[in-house]
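Report on the following structure.
The values are calculated or read from the model by the stated rules, or taken from the named source; none is laboratory data. Quantities reported herein were computed from a predicted structural model and do not represent experimental measurements. Here Cβ is always computed from backbone atoms with ideal geometry, including for glycine, and neighbour counts include all displayed protein chains. SASA here: full protein model, heavy atoms, side chains in, ligands and nucleic acids out. Shrake-Rupley method; radii C 1.70, N 1.55, O 1.52, S 1.80 Å.
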Amino acid sequence: MSFNAEQAGLSARGVRVSGSRGILDQGFTLYLQDAYHRENNPQGILNIGTSENKLCFDLLQDKLSSSGMNYLEASLFQYSELSGMKRFREEIAGFLTQYGKAMKPLSPDNIVIMNGCSSIFSALATVLCDPGDGYLIPTPYYGSVNAQTELYGRIQPVHVPLFSETCNNGENPFELTVGKLEMAMQSAKEQGIRVRALILINPHNPLGDTYPAQLLKECLYFGHRHKLHVIVDEIYMFSVYDDCAFTSVLSLDDLPDPQRTHFMWGFSKDFAMAGVRVGVLHTANQQVCRAVSKLASFHQCAGPIQYVLSEMISDRDWLDNVFFPTNKRRLREAQNFLVTGLNEIGIPVHRCSGGLYVWADFRKFMKTQTFESELELWWTLLEEKLYISPGQAFYCYEPGWFRLVFSDSMDNIKLCIERLQKVLQRETCGFSQETTSSVENELPSVGSEDKDSDSEIDLLSESTIATYLQLEKIVVH
């Protein structure tokens, strides 16, 4: 049935908002309707696509059930400051000063609390940019940034494309450089797009890279030269599981433009609390603080939640000796387990050190090196009850990359590998020898699988794929 905006009573803005959908929405809806459960629905869809940390509920359960946490007072049920309760902002300031290794103590007056980093992205887009303005963002990137910056703020991404293949210049795969930022900036000017901001995600989503201090400084100086706001999303800053030294923008001395440097963080990933919805903005720009705080009145956090989290992060002994070391160890073990399993079935993984996911190369298993073929493979995996995230959802410019989340139980990771192997063996066996040879000649060798030319490929019809592709923009800008 066709949609009639006039009959629905929506404004043009309402039509635009209601029609907004990401490439993962349909797959996630199917997952919710048929979610895997070990006992109740063992044949359901296994979700290895949503970035949630499911490894630390036992630690949180013990802590949040401890003495002093179940506390109620009248003030927690009353209106508080728009920017968040004073005590909570004070605890956040001290926590980030210590664990972010800030060069000087952070002020609670520079902190705004909202119900998740999605709300902060949306608020910053609204108060820093005008409709039609652009922001630079290295791609691939967390695709929901598009909705968070566009639905309210009406601003557009200007992609800084990163690729897996590198020239003989010492660069790593998908490596960001200031030269690439400059090229994207120039391209935006030629298209008549006024760029107002640069967004950096560190540790990166979906690549899992952590930006070295020197690169962060170079990006900040780039922003300063072009009078850009630099928004640094560090929502995975405590989810670094190897021995690399993570550098927070908070720890850098002598920022070239403190008034245009804005830091974001939240409890969703690092504290395994995706459902709690608490995000933090730190900015030295008081005008930005005031403007965002006005919008925070629509996106505030519940008083009891602010109290509980204040108590939790004030317990440095628990953080240092229980939560952080245990979480790091579990993340490292789960990441190693998934990477080992993927390698055994011939799937290379981009080297990473942070986040809750790996960026995996499925190009060998696609009929053709196209985004249509990537989407076919994604739907085939869904039909086999496995939900992961295709590179198109992250605006990757190379088809064939997928993000898989490892912060789950070993049993679920093992089941993921088993379901992947079942599908990929069948898909590979369905390739003609000619197609397989051409694909393998184009891509790095990742091992060999038996091929049976008599097997048939179980794929969606071309008309179904074409219809879906009409609904989604595969690569934009």
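State whether the residues of segment 360-376 include one that is in a loop (DSSP other than H, G, I, E, B), under 17 Å from the mean Cα position of the chain (by Cα) and closer than 17 Å to residue 51 by Cα. Looking through segment 360-376, none of the residues is in a loop (DSSP other than H, G, I, E, B), under 17 Å from the mean Cα position of the chain (by Cα) and closer than 17 Å to residue 51 by Cα. Can we say residue 291 is part of a loop (DSSP other than H, G, I, E, B), under 26 Å from the mean Cα position of the chain (by Cα), modelled with pLDDT of 95 or more and not basic (Lys, Arg)? No, not satisfied. Scanning segment 272-289 for residues that are touching a helix residue (DSSP H, G or I) at 6+ places or on another chain (Cβ under 9 Å) and free of Cβ contacts under 8 Å to residues at least 60 places away in the same chain yields 276, 285, 287. Look at residue 298 and say whether it is in contact with a Lys or Arg (Cβ under 9 Å, 6 or more places away or on another chain) and either assigned to a helix (DSSP H, G or I) or open to solvent by 70 Å² or more (accessible area, probe 1.4 Å) (or both). No: the conditions fail for residue 298. Residues that are of a type in the set (Phe, Trp, Tyr), in a strand (DSSP E or B) and at pLDDT 95 or above: does segment 233-251 have at least one? So far as segment 233-251 goes, no, none of its residues is of a type in the set (Phe, Trp, Tyr), in a strand (DSSP E or B) and at pLDDT 95 or above. Residue count for segment 206-219 satisfying the condition of being in contact with a Ser or Thr (Cβ under 7 Å, 6 or more places away or on another chain), without any contact (Cβ under 8 Å) to a residue 60 or more places away in the chain and open to solvent by less than 10 Å² (accessible area, probe 1.4 Å): 1.
Here residue 218 meets the list (1) of a type outside the set (Val, Ile, Thr); (2) part of a loop (DSSP other than H, G, I, E, B); (3) within 22 Å of residue 248 (Cα to Cα); (4) over 21 Å from the mean Cα position of the chain (by Cα) almost entirely, failing just condition (2).
Residue under question is residue 65, and the condition is that it be over 21 Å from residue 287 (Cα atoms), of a type in the set (Ser, Thr, Tyr) and at pLDDT below 95; does it hold? Here the answer is yes, as residue 65 does meet what is asked.
Determine which member of the set 304, 325 is more than 21 Å from the chain's Cα centre (by Cα) and under 27 Å from residue 119 (Cα atoms). Selected residue: 304, the only one of 304, 325 that is more than 21 Å from the chain's Cα centre (by Cα) and under 27 Å from residue 119 (Cα atoms). Checked against (1) touching an Asp or Glu at 6+ places or on another chain (Cβ under 8 Å); (2) under 25 Å from residue 227 (Cβ atoms), residue 108 passes all but a single condition, namely (2).
The rows are residues; the columns are (1) open to solvent by 20 Å² or more (accessible area, probe 1.4 Å); (2) in contact (Cβ under 8 Å) with a residue 12 or more places away in the chain.
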residue: 221; (1), (2): yes, yes
residue: 225; (1), (2): yes, no
residue: 256; (1), (2): yes, yes
residue: 270; (1), (2): no, yes
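Every condition in (1) surrounded by 13 or more Cβ atoms within 10 Å (Cβ to Cβ); (2) over 28 Å from the mean Cα position of the chain (by Cα); (3) among the aliphatic types (A, V, I, L, M) holds for residue 74 except the one numbered (1). Within segment 301-310, being surrounded by fewer than 17 Cβ atoms within 10 Å (Cβ to Cβ) and either part of a helix (DSSP H, G or I) or modelled with pLDDT of 95 or more (or both) holds for one residue alone: 304. Residues in segment 354-372 that are farther than 15 Å from residue 417 by Cα and open to solvent by 10 Å² or more (accessible area, probe 1.4 Å): 363, 364, 367, 368, 369, 370, 371, 372. Residue check: residue 390 meets all listed conditions (1) over 20 Å from residue 119 (Cα atoms); (2) open to solvent by 10 Å² or more (accessible area, probe 1.4 Å) but one, namely (2). Does residue 323 satisfy the criteria of being in contact with a Phe, Trp or Tyr (Cβ under 9 Å, 6 or more places away or on another chain), part of a helix (DSSP H, G or I), at negative phi and not polar (S, T, N, Q)? Yes.
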